[in-house]
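Here the structure comes first, spelled out in structure tokens, and everything after it is commentary.
The numbers here are math on the coordinates, done by the rules we state, and not lab data. Remember, predicted model here, so these are calculated numbers, not experimental data. Cβ placement follows ideal geometry from the backbone for every residue including glycine, while neighbour counts extend to all protein chains displayed.
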Amino acid sequence: MIQYIDRLMQDWARWSKVRRDGGLGYPSSAAGCRLMVRGTAYGDFHDLDEQSMEIEQIVSSMRKERPDMYKVVDWFYLAGDVTVDRIARELGCHRDTVYARLHAVHQHVMMVMQDNDIARSDMVDAMRNQKNLLKAS
């Protein structure tokens, strides 16, 4: 288990259950107000949680492309307070296999997040180079 990714996944699970719209699809405040960050950086939820949104995209693609991994995410993070033994029974495997699959999920999430960071960095560099070329001409 990768502790940092596990914490991000737990934060994502809490965020995905609340979503600030009560699950109805209707926003509770105006769009401009939702962009304002409220609370502190010590664990309060913000209306705009970029890491949770990124993990949401990763999990959504995992649901389509890797349903075996998604089942682990669903049981481990979204099902609530469920024991590993119960998850193993539901998935039809040994509890050690559940931990191995969970570790594979964490590695997948970490690699996709790193790839996204690299892509964002490359995009910023390309924009900076384009800006410098425009200044030079």
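A few points about this structure:
- For the stretch 48-86, GluC sites (Glu not before Pro) meeting the loop criterion (DSSP other than H, G, I, E, B) and having at most 10 other Cβ atoms within 10 Å: none.
- With q set to 0.20, 0.24, 0.25 Å⁻¹, the log10 of I(q)/I(0) for the stretch 42-134, from the Debye formula over equal scatterers at the Cα positions, is -1.02, -1.20, -1.23.
- Spin-label pair Asp117/Met53, simplified geometry with 7 Å Cα→Cβ offset, distance in nm: 1.9 nm
- Here's the picture: a label point sits 7 Å out from the Cα of Cys93 along the beta-carbon direction, and within the stretch 58-82 the residues with their amide nitrogen under 19 Å of it are 59-80, 82.
- Whole-number D in µm²/s for the stretch 81-137 (Stokes-Einstein; Kirkwood sum over Cα pairs; 20 °C, 1.002 mPa s): 147 µm²/s
- Placing dummy labels 7 Å off each Cα toward the beta-carbon, the span from Ala104 to Val84 is 1.7 nm.
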